[in-house]
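Student: Before I ask anything, let me first share the structure, which is written out below as structure tokens.
Bear in mind that the values in this text are calculations on the coordinates, not laboratory data. Because the structure is predicted, anything quoted here is derived from the model rather than measured. Cβ sites come from the backbone with ideal geometry, for glycine too, and all protein chains shown count toward neighbours.
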Amino acid sequence: MEYLLIGVIVNTFGIKGEVKVKGFTDFPEERFAKGKELYLKYQDEYLKLTIKSVINHKGLIHVLFSQYEDINLIEKYKGCQLYIHKSQLHKLPKGQYYKFELVGLRCYNQENQYIGEVIDVESLPAHTNLKVLTTNQKVVSIPNVPFFVKEVNLQERKISIHVIEGLV
């Protein structure tokens, strides 16, 4: 089975088994919803968990899992990562991509010269930025908007960007 990382348990909250989760997903409201199944990686095994309740609080997601409604049952999972199965992904509209699909793409300018590799996708209120590690080991931010991102080719693991003065 292939899994995708969507969050990490950073701490417990209270004595009733709630955990604080830092989410890494593009769709937190969908992935961390009541009744959804997640997989917790613990000692190289994936445990299937079902969300009983969820609350967003101060930038973290407070989650209570069914059958783990006691701090003594859940505390050992602090620091563990949460995943979904890849089959749980839904198809995105044309021209939209999951963050994990963009990380690792080779980045080229409009003259097809290699610039570097996408190492992260940063979420901002208005759009996302592609963090690119250039050939001279400098990290630059490229707005993930049509003016700059001209083509994304997942099959060739390549992204073409429009470079303006001072961008890279």
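Student: Going by amide H atoms built from the backbone, whose H comes under 5 Å of the H on residue 150, apart from near neighbours?
Tutor: Residues meeting the amide H criterion: 160, 161, 162.
Student: Which ³J(HN,Hα) values, rounded to whole Hz and listed in residue order, are derived for the stretch 152-168 from phi using the Karplus coefficients 6.51, -1.76 and 1.60 in 6.51 cos²θ - 1.76 cosθ + 1.60 with θ = phi - 60°, glycine and proline given as x?
Tutor: Rounded to whole hertz, the list is 10, 10, 5, 5, 8, 6, 9, 9, 9, 10, 8, 9, 10, 4, x, 6, 10.
Student: Sticking with this structure for a sec: Rounded to the nearest 0.05, what FRET efficiency is calculated for residue 69 and residue 29 with R0 set to 22 Å and r the Cβ-Cβ distance?
Tutor: According to the calculation, E is roughly 0.45.
Student: Also, I was wondering about something else. Name all residues of the stretch 69-112 having a backbone nitrogen under 18 Å from the label point set 7 Å from the Cα of residue 15 along its Cα→Cβ direction, giving them as ranges.
Tutor: Under 18 Å, as judged by backbone N against the label point of residue 15, lie 69-76 of the stretch 69-112.
Student: What ³J(HN,Hα) values, in whole Hz, does the Karplus curve 6.51 cos²θ - 1.76 cosθ + 1.60 give for the stretch 11-28 when θ = phi - 60°, with x put for Gly and Pro?
Tutor: For the stretch 11-28, the Karplus-derived couplings read 5, 8, 9, x, 10, 8, x, 5, 10, 9, 10, 8, x, 10, 9, 6, 10, x Hz, x marking Gly and Pro.
Student: Once you have a ≥ b ≥ c as the square roots of the Cα gyration tensor eigenvalues for the stretch 99-161, tell me rounded if a/c is under 1.5, and otherwise prolate or oblate according to whether a/b is larger than b/c.
Tutor: Since a/c stays below 1.5, the shape of the stretch 99-161 is classed as rounded.
Student: Using alpha-carbon pairs under 8 Å, 6+ residues apart, how would you state the relative contact order of the stretch 3-88 in percent?
Tutor: This gives 42 percent for the stretch 3-88.
Student: Fewest to most neighbouring Cβ within 10 Å: what's the order for 106, 31, 157?
Tutor: Listed from fewest to most nearby Cβ atoms, that is 157, 106, 31.
Student: Taking 0.36 nm per intervening residue step and subtracting the Cα-Cα distance, what contour gain separates residue 112 from residue 86 on full extension?
Tutor: Stretched fully, the residue 112-residue 86 segment lengthens by 6.1 nm.
Student: Now for a different question. Which entries of 48/131; 36/78; 22/86; 91/150; 16/131 show an alpha-carbon separation above 28 angstrom in the structure shown?
Tutor: Long pairs (Cα-Cα over 28 Å): 48/131; 16/131.
Student: Continuing with the same structure: Distance in nm between label sites at residue 36 and residue 155, each 7 Å beyond Cα in the beta-carbon direction?
Tutor: It works out to 3.2 nm between the two label points.
Student: Can you give the FRET efficiency to the nearest 0.05 for residue 145 and residue 76, using r as the Cβ-Cβ distance and R₀ = 35 Å?
Tutor: E between residue 145 and residue 76, to the nearest 0.05, is 0.20.
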